[in-house]
Amino acid sequence: MSAARVHDVSVLYVEDDDATRTELAELLGRRVRELRVAADGAAGLAAFRAHEPDLVLSDIRMPQLDGLAMARELRALRPELPIVLTTAHSDLSYLLEAIELGADGYVLKPIALPQLTRALDRAVELVLHRRAARRHAEERERLIGELEAALARVKRLSGLLPICASCKRIRDDRGYWQQLEAYITEHSEAEFTHGLCQECVTKLYGDLVR
């Protein structure tokens, strides 16, 4: 994370060690738009459900609910959530579990600021990329909806229609005279069903219906 830049993301930081949590929370608070802090995995899970942050930074070894168990719960709630885990050099077995879990980054303790910065920068970029992809998909759906509405309006008949007073044909834009049914079918979504009105029944079959 650049020292001069505040990232437009919300972060949940979970750490049970008071000194480490205080130090890193102060740093993170200056680098991200919103920061939530929890002292163990159970509190972290509750904070995530309440605030739905963009990404999570968490220690692995914690009381109540360790970081790996919490991460599994978070993955179930939001599979695409970026998660960065921290662990001590002596806990490499946990690190292997974190890799199997699909953690998006990990930082060894004692935490070196450049290493933490790189891991979080990658997680932030992942958040921003997915956010941009969602906006693109939403914009695409909006444009498709507008286009479909525009096409529907184009298909709707409007204005003055030149129609022959005798044969009832309609003159189209090319100057040709079309049957009324053909013209309406071409310029609207209407479908036809055929029948006879009472006057035509009498006119055509008067002798049969009397």
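No value in this document is a laboratory result; all are computed from the given coordinates. The model shown is predicted, which means the values in this text are computed figures rather than measured ones. Neighbour counts are summed over all protein chains in view; Cβ atoms, including those assigned to glycine, are modelled from backbone coordinates with ideal geometry.
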In the chain, whole DSSP H helices that both stretch 24 Å or further along their axis by alpha carbon positions and average at least -1.0 on the Kyte-Doolittle scale are 113-155
Ordered by number, the trypsin sites (Lys or Arg not before Pro) in the range 1-81 that occupy a DSSP loop and have at most 13 other Cβ atoms within 10 Å are ARG5
Helix-only [θ] at 222 nm, the chain, -39500 (n - 2.57) per DSSP H run of 4+, per residue, nearest 500, equals -17000 deg cm²/dmol
Taking chymotrypsin sites (Phe, Trp or Tyr not before Pro) in a DSSP loop with at most 16 other Cβ atoms within 10 angstrom as exposed, one finds the longest site-free stretch of the chain at 1-175
Under 20 Å by backbone N from the virtual spin label 7 Å along Cα-to-Cβ at THR22, the residues of the range 113-144 are 113
When LEU55, LEU77, LEU95, LEU180 are arranged by how many other beta-carbons sit within 10 Å of their Cβ, fewest first, they go LEU77, LEU180, LEU95, LEU55
The farthest towards the positive end of the charge dipole of the chain, of the residues PRO114, GLY44, GLN178, given +1 on Cβ of Lys and Arg and -1 on Cβ of Asp and Glu, is GLN178
Cα-Cα pairs in the chain separated by more than 25 Å, as a whole percent of all pairs, come to 57
Taking 0.36 nm per residue of separation between ALA88 and ALA150 and subtracting their Cα-Cα distance, the length gained on full extension comes to 16.3 nm
With Cα springs under 10 Å, the Gaussian network model of the chain assigns the largest mean-square fluctuation among HIS129, HIS187, HIS51 to HIS187
Restricted to the chain, the DSSP antiparallel beta bridge percent, nearest 5, is 15
